[in-house]
Amino acid sequence: MNEILSVALLSLLAGAAMPIGALVARYDLLHPKLLTPNIRKFIVAFGGGALVSAVALVLVPDGASKLTPVPASLCFAAGGIFFYWLDRYLSQLKSSAGQLVAMLSDFIPEAIALGAAFAVGEGTGLILVLLMILQNFPEGFNAFEELAQSSSYRPAKLLAAFFLLAVVGPACALTGYLLLAQASDLVAGIMLFASAGILYLVFQDVAPESKAKDGGLPALGAVAGFMLGLIGHMLIIAH
């Protein structure tokens, strides 16, 4: 029972990084001189670096270790194709919910993998929590600023939506913990599927948004995001 509670609280903490990022973005929009354009791009790029570290250090290695090359490749390819289709579909609809869907599309499979990792006693659970926090904060920041500027929703309503997203985390993590812990092949497939989607989002959305014309600070943010993921990964492996 204590471990179930821990899984729920850790996944909630990881999800809470999204509304916290949205709150910071709300404050930034109210006080636009607080952050320079390059600092905003740094935050976005930092999230991209954390996303890549989640793919490179946790999701792909763990997923690929449990599957043979053919099913692993098929799961990864399916993730890329699905996220491409989803991106095109949302673009055609001109839906302001696209940013929220994009966040959920990588948060949900990561939360499921998080619960499953704790259920089987793998050390990757803690590093997943860390990486999810690192990526969800800048994702929340960037998505809120884009939605606030491109949609007609009031800031309070947007913030409420972000807080609701955080609640999805425990539900998905407990699903992974209680139902999918013994289905290692399925969890591995989900991790690879999510990895391809994350890479698609990084190159389609994050990288273009973090490009700066007058300096390399945003690119340094991507390096910093990946570096923190690497440090967390090495600390977990060391123990």
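Some points to look at:
- Filter result for the condition that a residue is within 17 Å of Glu146 (Cα to Cα) and open to solvent by 10 Å² or more (accessible area, probe 1.4 Å), over Ile108, Ile39: Ile39
- Residue within segment 207-227 that is modelled with pLDDT under 80, among the aromatic types (Phe, Trp, Tyr) and in contact with a helix residue (DSSP H, G or I) (Cβ under 7 Å, 6 or more places away or on another chain) present: yes
- First in segment 115-137 and within 17 Å of Ala56 (Cα to Cα) and among the basic types (Lys, Arg), second anywhere and at pLDDT 75 or above and crowded, with 24+ Cβ neighbours inside 10 Å, Cβ under 6 Å, 6 or more apart: none
- Selection of segment 78-95 for residues being among the small types (Gly, Ala, Ser), more than 12 Å from Ile198 (Cα to Cα) and at pLDDT 70 or above yields Ala78, Ser91.
- Hits in segment 75-91 - residues which are surrounded by 13 or more Cβ atoms within 10 Å (Cβ to Cβ) and of a type in the set (Gly, Ala, Ser): Ala77, Ala78, Gly79, Gly80
- Residue count for segment 65-74, restricted to those that are touching a residue at least 40 places away in the same chain (Cβ under 8 Å), open to solvent by 50 Å² or more (accessible area, probe 1.4 Å) and in a helix (DSSP H, G or I): 1
- Given (1) over 18 Å from Phe137 (Cα atoms); (2) surrounded by fewer than 16 Cβ atoms within 10 Å (Cβ to Cβ), number of the condition Val7 does not satisfy: (2)
The values are calculated or read from the model by the stated rules, or taken from the named source; none is laboratory data. If you're wondering where the values come from, they're calculated on a predicted model, not measured in any experiment. We place every Cβ from the backbone using ideal geometry, glycine too, and count neighbours over all the protein chains shown. To get the accessible areas, we keep the full protein, side chains included, count just its heavy atoms, and leave off ligands, DNA and RNA. Shrake-Rupley method; radii C 1.70, N 1.55, O 1.52, S 1.80 Å.
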